[in-house]
Amino acid sequence: MIWQLSSLFSSIAHANGTFMPPDGDTIAPLYDHLYLVMVLMSAIASLIVIGGMVYFSIKYRRQTGRKSAYITHNTTLEFLWSFIPFCLFMVAFGWGWYVYYQMRTMPEDAFEVNVLAQQWSWNFMYKSGKKTTADMYVPVNTPVRLIMTSKDVIHSMYIPAFRQKQDVVPGRYTQTWFQAPHVGNFHIFCAEYCGMGHSAMLGIVHVLSKADFDKWLETNPYKGLTPVQVGQHLFQQKCSVCHNPTTERKVGPGLQHVFGSMVQLQGQPPHLADENYIRTHILHPSTYSVQGFPKGVMPSFQGQLSEEELTGLIEYVKSLK
Ligand code: CUA
């Protein structure tokens, strides 16, 4: 138990000494240094205050016959205990402002990725026309700027290794930037409660070498895959937050054995689950309301899927016999 705790402890306390995930971008070390100094300053201040309190309460405890002198004030002491903290706070403010300024000043020649957040996935769009869900790919040692908006509610793009968090708001664009100095994979979280699937709204930033990135940007991800395989890949990225490929219900119904069955609807006659039914469900989910499930929970995927991808998803649902 102790051993497990200490190994957990040392795996959290990385080389940066701050209990943060390893540095993934150029801001992270700036942030960590400031954080470390703030923690040290707070620790020293706590020691002085609590240590002083304990020391004085013992030294000047009540003793019969002892009476304290009448002291009105001490100008030097009062000046020092105000001026020294003031200087420390100004250092923290100036330093914090400097790091924040680096974070919020967008480089002009950055590689741009458009981000669309929705309940409950991260979607990335590249200038080459390539789109991904959950996985963001970026080149190493290149400033990357994210231009982000939301389709429904407020989400928040949070990448702990980059020390970056930015709200993603419907109806406007927010932005953030980073430059990753090493190749690697880093977690993306949604840090704003956005409904039932919030905790499953995850992703990965893949930082690739420039050559690998250029290759990735050009390749068709579905080359050589059957429609069912395309659908399975998409299902895992886009649908599995809410639907199981088994009969077990999640947020929405489990999809096994659905295709070809008569689906019981609320306030509508039962409907045969054929290709058009699945297609309508993906693009215009409010058309049908399945019995036993709350209405209006499923988001629309209109405009986010190519015909090839739609067909793949339908074929995949069909294959869940
Ligand atoms: Cu999106 Cu929480």
Requested in this report: Return the total of residues in segment 110-164 being within 9 Å of the ligand (Cβ to nearest atom), in a strand (DSSP E or B) and touching a residue at least 60 places away in the same chain (Cβ under 8 Å).
Outcome: 4
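Residues are listed down the side, and each one gets a yes or a no for (1) under 30 Å from Lys295 (Cα atoms); (2) open to solvent by less than 50 Å² (accessible area, probe 1.4 Å); (3) among the charged types (D, E, K, R):
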position	(1), (2), (3)
Met196	yes, no, no
Ser199	yes, no, no
Gly203	yes, yes, no
Thr219	no, no, no
Report summary line: Within segment 223-237, the count of residues that are open to solvent by 30 Å² or more (accessible area, probe 1.4 Å) and either out of contact with any Asp or Glu (no Cβ under 6 Å at 6 or more places or on another chain) or of a type in the set (Gly, Ala, Ser) (or both) comes to 9
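Residue-wise test of (1) free of Cβ contacts under 8 Å to residues at least 12 places away in the same chain; (2) within 16 Å of the ligand (Cβ to nearest atom); (3) assigned to a loop (DSSP other than H, G, I, E, B).
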{"position": "Met196", "(1), (2), (3)": "no, yes, yes"}
{"position": "Val207", "(1), (2), (3)": "no, no, no"}
{"position": "Leu217", "(1), (2), (3)": "no, no, no"}
{"position": "Gln232", "(1), (2), (3)": "no, no, no"}
{"position": "Phe235", "(1), (2), (3)": "no, no, no"}
{"position": "His243", "(1), (2), (3)": "no, no, yes"}
Query raised in the report: Among the residues of segment 93-137, which ones are within 19 Å of Trp177 (Cβ to Cβ), aromatic (Phe, Trp, Tyr) and open to solvent by 30 Å² or more (accessible area, probe 1.4 Å)?
Result: Trp97, Tyr98, Tyr100, Tyr101, Phe111, Tyr137
Report task. Kindly check whether there is at least one residue in segment 219-226 that is of a type in the set (A, V, I, L, M), in contact with a helix residue (DSSP H, G or I) (Cβ under 6 Å, 6 or more places away or on another chain), away from the ligand (no atom under 16 Å from the Cβ) and not in a strand (DSSP E or B). Result -> no
Query raised in the report: Got at least one residue in segment 79-96 being modelled with pLDDT of 90 or more and under 20 Å from the mean Cα position of the chain (by Cα)?
Result: no
Query - Extreme residue, nearest to Lys321 (Cα to Cα), among residues of segment 218-263 that are of a type in the set (Lys, Arg) and at pLDDT 85 or above - result: Arg249
Report task. Give the residues of segment 165-194 that are within 16 Å of the ligand (Cβ to nearest atom), part of a strand (DSSP E or B) and open to solvent by 20 Å² or more (accessible area, probe 1.4 Å), sorted by residue number. Result -> Lys165, Gln166, Asp167, Pro170, His187, Phe189
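The values are calculated or read from the model by the stated rules, or taken from the named source; none is laboratory data. Since we're looking at a predicted model, the values are computed, not measured. Reconstructed Cβ throughout: ideal geometry from the backbone, glycine too, with neighbour counts over all protein chains shown. Side chains are part of the model used for accessible areas, which takes the heavy atoms of the whole protein and leaves out ligands, DNA and RNA. Shrake-Rupley method; radii C 1.70, N 1.55, O 1.52, S 1.80 Å.
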